[in-house]
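Peer 1: Quick one: the structure is below, questions incoming.
Just so it is clear, none of the values below were taken in a lab; they were calculated from the coordinates. Remember, it's a predicted structure, so these values are computed and weren't measured experimentally. In this analysis, Cβ positions are derived from the backbone assuming ideal geometry, glycine residues included, and neighbour counts consider all displayed protein chains.
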């Protein structure tokens, strides 16, 4: 007997749902890592901006161009970007936490059901 023959359709569906939750968690973790990188880059740019004096020209990237900009304006834009990225990161962290909990609950439920049926998952 194969595994699919031993497991009823309802339980097979639960396994599919578990895999979907796992995939969602992986995607959330990857997105969170991307936002963490963007946040570190933004913080690094702000830090470098603080080190330069007022008469040093500042340039910002606009598409493929570098445009001269006022230091205070760039500093303000980076501060807003940092704040926005921080909010988005917190949202992703909450989603990751909820999804991780869903996965743990699904795993516990599946393990219980599979144990009842004498099927051991590795």
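Peer 1: Which value in deg cm²/dmol, rounded to the nearest 500, describes the helix-derived mean residue ellipticity at 222 nm for the chain, given -39,500 (n - 2.57) per DSSP H run of n ≥ 4 and division by the residue count? Mind dumping the intermediate values first?
Peer 2: Values: 3 runs with 93 residues, N = 122.
Rounded to the nearest 500, it is -27500 deg cm²/dmol.
Peer 1: Kindly express, to the nearest 10 degrees and within the range 0 to 90, the angle between helix 71-116's C-alpha long axis and the longest C-alpha principal axis of the chain.
Peer 2: On a 0 to 90 degree scale, this one is about 10.
Peer 1: Same structure, new question: Between residue 59 and residue 20, what is the spin-label point distance in nm, taking each point 7 Å from the Cα along the Cα→C-beta axis?
Peer 2: 4.9 nm
Peer 1: Follow-up question, since we're still on this one. May I ask you to compute the full-extension gain from residue 68 to residue 115, defined as 0.36 nm times their residue separation minus their alpha-carbon distance, rounded to one decimal in nm? Provide the component values of the computation, followed by the final result.
Peer 2: On the way: separation 47, 0.36 × 47 = 16.92 nm, distance 6.61 nm.
In short, 10.3 nm is gained.
Peer 1: Now for a separate question. Could you give the length gained on full extension between residue 95 and residue 107, defined as 0.36 nm per residue of separation minus the Cα-Cα distance, in nm?
Peer 2: Stretched fully, the residue 95-residue 107 segment lengthens by 2.5 nm.
Peer 1: Using only the Cα atoms of the chain, what are the Rg and Dmax in Å?
Peer 2: My reading of the Cα-based Rg and Dmax gives 24.0, 78 Å.
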